[in-house]
Ligand SMILES: [Ca+2]
């Protein structure tokens, strides 16, 4: 029931840092006054976090689905970050989207490519060499009555293979079922509070073979379809894939 409504593809370039290499040690006897160079120990390959968002979006890009307004997405909210100088904010006022006229769901996808036009044609990322076992993030926010936000991570973009997920609600008790879709697809639940909380989702190697969506956050309206809710806001910080 989602995706493929283009909107905003935010191109974010990967920032790569180069590490200076130490000169190879001299094979001759070093002068007495010169202590041997002590190269920084390099962590074993695959033991580093993959940073998706820390003060800025570090991988790929983002798009809203469906597009067409009544949503607000920012990657530079400096009002009250969990860590560092900024956090990500995504809000919805509960009103209809326009490219698909409905108010049952809206979402934001942190995707593997920088632009939505290349999303379908670009194979998912094989992240298995990172040995990630969990995806963690900090979140806070506020949701109006009957609105939940479902967070999914490490998705291959196929609806047939569900991704690790969690449904956040004011009480922490609601799932992602709706009147029109009464069977919940995600039964992992927690509360979204106005203060920062840390969340963690386990991922297995099989979740990491072809990742197109690093993280998706979908507001879902569970009220009577004929009425509209008033949406909600969620803020994210420190979205990390961790070994
Ligand atoms: Ca931050």
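Throughout, read-outs are computed from the coordinates displayed, never taken from laboratory work. In this text, all values refer to a predicted model and were calculated from it rather than measured experimentally. All Cβ positions, glycine included, derive from the backbone under ideal geometry; neighbour counts span all protein chains shown.
Scan segment 111-122 and tell me whether some residue there is more than 16 Å from the ligand (Cβ to nearest atom) and closer than 30 Å to residue 223 by Cα.
yes
Can you tell me which residue within segment 221-238, out of those that are within 18 Å of the chain's Cα centre (by Cα) and away from the ligand (no atom under 16 Å from the Cβ), is surrounded by the most Cβ atoms within 10 Å (Cβ to Cβ)?
Applying the filter and picking the extreme gives 232.
For residue 97, which of the numbered conditions (1) closer than 10 Å to residue 237 by Cα; (2) assigned to a loop (DSSP other than H, G, I, E, B) fails to hold?
Among (1) closer than 10 Å to residue 237 by Cα; (2) assigned to a loop (DSSP other than H, G, I, E, B), the lone unmet condition for residue 97 is (1).
When segment 110-136 is examined, which residues are found to be touching a residue at least 60 places away in the same chain (Cβ under 8 Å) and assigned to a helix (DSSP H, G or I)?
Answer for segment 110-136, where residues must be touching a residue at least 60 places away in the same chain (Cβ under 8 Å) and assigned to a helix (DSSP H, G or I): 116, 117, 128, 129, 130.
Quick check on residue 139: is it touching a strand residue (DSSP E or B) at 6+ places or on another chain (Cβ under 6 Å), within 16 Å of the ligand (Cβ to nearest atom) and in a loop (DSSP other than H, G, I, E, B)?
No, not satisfied.
If I ask for residues that are away from the ligand (no atom under 16 Å from the Cβ) and surrounded by fewer than 17 Cβ atoms within 10 Å (Cβ to Cβ), which ones from segment 80-99 would you list?
Within segment 80-99, 95, 96, 98, 99 meet the criteria.
How many residues does segment 142-165 contain that are outside any loop (DSSP other than H, G, I, E, B), on the phi > 0 side of the Ramachandran plot and surrounded by fewer than 23 Cβ atoms within 10 Å (Cβ to Cβ)?
Residues flagged as outside any loop (DSSP other than H, G, I, E, B), on the phi > 0 side of the Ramachandran plot and surrounded by fewer than 23 Cβ atoms within 10 Å (Cβ to Cβ) within segment 142-165 amount to 0.
With respect to residue 218, determine if the residue is buried (at least 19 other Cβ atoms within 10 Å of the Cβ) and closer than 26 Å to residue 87 by Cα.
When the stated conditions are applied, residue 218 passes them.
What do you reckon, is residue 241 assigned to a strand (DSSP E or B), in contact with a helix residue (DSSP H, G or I) (Cβ under 7 Å, 6 or more places away or on another chain) and surrounded by 14 or more Cβ atoms within 10 Å (Cβ to Cβ)?
Against the criterion (assigned to a strand (DSSP E or B), in contact with a helix residue (DSSP H, G or I) (Cβ under 7 Å, 6 or more places away or on another chain) and surrounded by 14 or more Cβ atoms within 10 Å (Cβ to Cβ)), residue 241 qualifies.
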